[in-house]
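Q: Before we start, here is the structure in question, set down as structure tokens.
The values are calculated or read from the model by the stated rules, or taken from the named source; none is laboratory data. Keep in mind that what you see is a predicted model, and the values were worked out from it rather than measured. In this analysis, Cβ positions are derived from the backbone assuming ideal geometry, glycine residues included, and neighbour counts consider all displayed protein chains.
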Ligand code: ADP
Ligand code: MG
């Protein structure tokens, strides 16, 4: 048996109507849109200072029961600190954190219904898989028989029953990750905190493990809070993602909302690839038209920004349409003439970098036909266009 066998096979499957790809929007689950929903975790005006470093800055955030929530941001933006504050390993400099309606101030880590799976897994090298999983339960004084039952259940859950007697060094990276997961789930916490849970795994294994984690979380009904700097990971795992920047939250939304409706230039740029055209609004209303660089005009759905507002129009490379000049529409907005400067063939899609009067613009064309002939090559003159509805106006 290879290590990539999904552990999810042993997990009771979700009902068909809710079983979906990880990352797919689940319309049936959106407590954040329900004014009557009761949050499980609330950060209220929380800051954490380390001498002159502001790791977390007056941050407020609400997470609901059963949510798979991701904190995404560059290294040093305060993700791990935010998690450690919830676990009780750090005390806020100001503000309060509530869990299930209880103020956690003064509650020691071991009294919080929260468990943390560390980035390094922190397995005991001299203990077997079984003893690693049992460790916390024994320390809590759970009777031996109950420990055995619980550990057996966890081994089954992560498909490591056959490896129970092995030591960590006799396991693959993926198996070690599952031991760490089983150990942190053994105490049945209300909230599981995962710090870069897939960081130590290679790409293929990461893909498999993502599905396992999502299915496990769904079937156990435990709230997961995951920290990652990897956008693909956050997108694949989470119901909602908070984009963090310098100890604060830039935007909280489901993955597709972040991607298609970024609230700021920072989010548009951090999540996926984007072309940004700077300018000032010259026509407001249902469509915002900006006067862009080199006399070009760009348009996006209006955001209420008044004429004269400085901002940018953001367009994802896959929303760009690329035409030969003879076949190009004669639009006056959202139209760029240029020449192909770079081509990166990616198999499923090809990325073109086109030199235009507005700078280098990226367009990615999906290779939905099985052909090795490229429609465009280096130095070809081309015209790029995009639909108004496929662009976003951002004024911050
Ligand atoms: P992330 O997990 O997003 O990479 P961290 O939460 O680990 O970020 O760190 C946020 C900021 O706080 C960083 O500037 C980091 O250097 C600082 N920091 C974190 N922990 C400590 C600490 N124990 N002492 C001093 N500075 C810290
Ligand atoms: Mg970190």
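Q: Which of (1) part of a helix (DSSP H, G or I); (2) away from ligand 2 (no atom under 13 Å from the Cβ) is the odd one out, the single condition residue 80 does not satisfy?
A: (2)
Q: For residue 294, state whether it is assigned to a helix (DSSP H, G or I) and within 16 Å of ligand 2 (Cβ to nearest atom).
A: no
Q: Can you tell me which residue is nearest to ligand 2 (Cβ to nearest atom) among those in the range 197-211 that are over 16 Å from the mean Cα position of the chain (by Cα) and within 10 Å of residue 177 (Cβ to Cβ)?
A: Checked the range 197-211; the qualifying residue nearest to ligand 2 (Cβ to nearest atom) is 200.
Q: Run residue 290 past the list (1) touching a helix residue (DSSP H, G or I) at 6+ places or on another chain (Cβ under 7 Å); (2) buried (at least 20 other Cβ atoms within 10 Å of the Cβ); (3) in the same structural domain as residue 362 (by TED's automatic domain parsing) and report the number of the one that doesn't hold.
A: Only one criterion is unmet by residue 290, namely (1).
Q: Of everything in the range 335-372 that's assigned to a loop (DSSP other than H, G, I, E, B) and within 30 Å of the chain's Cα centre (by Cα), which residue is surrounded by the fewest Cβ atoms within 10 Å (Cβ to Cβ)?
A: Filtering first and then ranking leaves 347.
Q: Hey, could you check the range 47-77 for residues that are part of a loop (DSSP other than H, G, I, E, B) and more than 14 Å from ligand 2 (Cβ to nearest atom) and say which is nearest to residue 34 (Cα to Cα)?
A: Residue satisfying both the conditions and the ranking: 64.
Q: Give just the number: which of (1) within 18 Å of residue 229 (Cβ to Cβ); (2) more than 16 Å from ligand 2 (Cβ to nearest atom); (3) surrounded by fewer than 22 Cβ atoms within 10 Å (Cβ to Cβ) does residue 110 not satisfy?
A: (1)
Q: How many residues, within the range 381-396, are crowded, with 18+ Cβ neighbours inside 10 Å and assigned to a loop (DSSP other than H, G, I, E, B)?
A: 1
Q: Mind checking whether some residue in the range 299-321 is assigned to a helix (DSSP H, G or I) and free of Cβ contacts under 8 Å to residues at least 40 places away in the same chain?
A: Taking every residue of the range 299-321 in turn, none turns out to be assigned to a helix (DSSP H, G or I) and free of Cβ contacts under 8 Å to residues at least 40 places away in the same chain.
Q: Do the conditions hold for residue 53, that is, is it within 16 Å of ligand 1 (Cβ to nearest atom) and loosely packed, with under 14 Cβ neighbours inside 10 Å?
A: The answer is yes for residue 53.
Q: Under the condition of being closer than 20 Å to residue 107 by Cα and within 12 Å of ligand 1 (Cβ to nearest atom), which residue from the range 60-85 is surrounded by the most Cβ atoms within 10 Å (Cβ to Cβ)?
A: This residue is 82.
Q: Something else about it: From 142, 127, 85, grab the single residue that is within 16 Å of ligand 2 (Cβ to nearest atom) and free of Cβ contacts under 8 Å to residues at least 60 places away in the same chain.
A: Checking each option against the conditions leaves just 85.
Q: Does residue 194 satisfy the criteria of being within 16 Å of ligand 2 (Cβ to nearest atom) and either in contact (Cβ under 8 Å) with a residue 12 or more places away in the chain or in the same structural domain as residue 62 (by TED's automatic domain parsing) (or both)?
A: Against the criterion (within 16 Å of ligand 2 (Cβ to nearest atom) and either in contact (Cβ under 8 Å) with a residue 12 or more places away in the chain or in the same structural domain as residue 62 (by TED's automatic domain parsing) (or both)), residue 194 qualifies.
Q: Against the condition surrounded by fewer than 19 Cβ atoms within 10 Å (Cβ to Cβ), part of a helix (DSSP H, G or I) and touching a residue at least 60 places away in the same chain (Cβ under 8 Å), how does residue 211 come out, does it pass?
A: Against the criterion (surrounded by fewer than 19 Cβ atoms within 10 Å (Cβ to Cβ), part of a helix (DSSP H, G or I) and touching a residue at least 60 places away in the same chain (Cβ under 8 Å)), residue 211 qualifies.
Q: Being crowded, with 20+ Cβ neighbours inside 10 Å, within 21 Å of residue 79 (Cα to Cα) and under 28 Å from the mean Cα position of the chain (by Cα) is true for just one of 179, 191, 158. Which residue is that?
A: Answer to the check: 191.
Q: Just one of (1) farther than 30 Å from residue 245 by Cα; (2) over 32 Å from the mean Cα position of the chain (by Cα); (3) loosely packed, with under 13 Cβ neighbours inside 10 Å trips up residue 308, so point out which.
A: Looking at each condition in turn, residue 308 falls short on (1).
Q: Looking at residue 135, is it more than 16 Å from ligand 2 (Cβ to nearest atom), within 27 Å of residue 214 (Cβ to Cβ) and either in the same structural domain as residue 163 (by TED's automatic domain parsing) or within 26 Å of the chain's Cα centre (by Cα) (or both)?
A: yes
Q: In the list 286, 314, 297, which residue meets the criterion of being modelled with pLDDT of 95 or more and over 30 Å from residue 373 (Cβ atoms)?
A: 314
Q: Only one of 234, 242 is within 16 Å of ligand 1 (Cβ to nearest atom), under 18 Å from the mean Cα position of the chain (by Cα), in the same structural domain as residue 56 (by TED's automatic domain parsing) and modelled with pLDDT of 95 or more; which?
A: 242
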